[in-house]
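The values are calculated or read from the model by the stated rules, or taken from the named source; none is laboratory data. All figures in this text were calculated on a predicted structure; none of them were measured in a lab. Heads up, the Cβs are rebuilt from the backbone with ideal geometry, glycines too, and the neighbour counts pull from every protein chain shown.
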Amino acid sequence: MEMRGALARLRRATGLPVAFGGLVEPGRRRMRISELNGAATPALRGLAVTSGNGLGGKAVALARPCAVTDYSLSRQISHEYDTAVAAEGLRSVLAIPVVVRRRVRGVLYGALRTAQPLGDRTLNAAVDVARDIEQTLAVEDEARGLLAAARPEPRTGPAAGSGAEPGAGSGAGWEQVREAHAALRALAPRIADPLLRAELLLACGLLTRGTPPSAVALAPRELDVLACVAAGATNAAAAERLGLRPETVKGYLGSAMRKLGAHTRGEAVVAARRAGLLP
């Protein structure tokens, strides 16, 4: 889980002995603490923090980092959660909101069991960790949107079963599928979470379902490049999308063409679709 990894990174980056956090519940102005790292008790686990209440709720409401030097004595926050905080023995606490497209999606906390100021260096390090989660959530959102757009329109009428090339649907529906497939393959290598990356690649496979299994084995990067080409990208555009050099893209494309027995980019795309490698 990304939150779990983020808390470990927060402790390493800040030196704070305790970290915890959670995501805002969908459709609600409430965040539930789901992960703990360095905690001595389970007192904070499952705690529901309402927007505006306590330190984390203040961070949610203001969409900016907040910190207190002594939680139980602070006049800057309300005190609905003092019992749980005291049970864990926390004093100095910071709360960093995770904001994606101007919406607070979660909160990361770091804490000391002594009352002392948390300096700018500590705060900035915690903010950097939150930015990493924001990027991950943004990628997940983009992937979900692409998957929604990738649902092809049902094939009806004479075109269905007409012997057209596998994956050749009608209208804009299949173009959306192909663009989504290329975009998902471009996103996958940017994701550090192996489970999420595997999920995206599985989704890519689902987009090609219904075509016969291929006897041609393309390397992942060869397929990434070919998916971009199939969506209409030039070598330069594919390089920018995939974070590669144009010469590297050219090399992968040439290798894929040889494996597919194709002499042109267009032939390679058609051969990959017939082989079930592309939608």
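Of note:
- Of everything in region 193-213 that is surrounded by 13 or more Cβ atoms within 10 Å (Cβ to Cβ) and in a loop (DSSP other than H, G, I, E, B), the residue that is modelled with the highest pLDDT is Thr208.
- Restricting attention to region 61-94, the residues that are among the aliphatic types (A, V, I, L, M), within 20 Å of Asn124 (Cα to Cα) and touching a Lys or Arg at 6+ places or on another chain (Cβ under 7 Å) add up to 0.
- Positions within region 222-258 being in a helix (DSSP H, G or I), of a type outside the set (A, V, I, L, M) and surrounded by fewer than 18 Cβ atoms within 10 Å (Cβ to Cβ), in sequence order: Glu240, Pro246, Glu247, Thr248, Lys250, Gly251, Gly254, Ser255, Arg258
- Flag if Gly171 is modelled with pLDDT of 80 or more, in the same structural domain as Ala268 (by TED's automatic domain parsing) and at positive phi: no
- Listing of helices (runs of 4 or more DSSP H) fully contained in region 41-152 that carry 3 or more residues being under 30 Å from Leu207 (Cα atoms) and out of contact with any Pro (no Cβ under 8 Å at 6 or more places or on another chain): 120-149
- Subset of region 14-28 [surrounded by 19 or more Cβ atoms within 10 Å (Cβ to Cβ) and either in a loop (DSSP other than H, G, I, E, B) or not hydroxyl-bearing (Ser, Thr, Tyr) (or both)]: Leu16, Val18, Ala19, Phe20, Gly21, Gly22, Leu23, Val24
- Selected residue (criterion: surrounded by the fewest Cβ atoms within 10 Å (Cβ to Cβ)) from residues of region 88-135 that are of a type in the set (Gly, Ala, Ser), free of Cβ contacts under 8 Å to residues at least 60 places away in the same chain and out of contact with any Gly (no Cβ under 6 Å at 6 or more places or on another chain): Gly119
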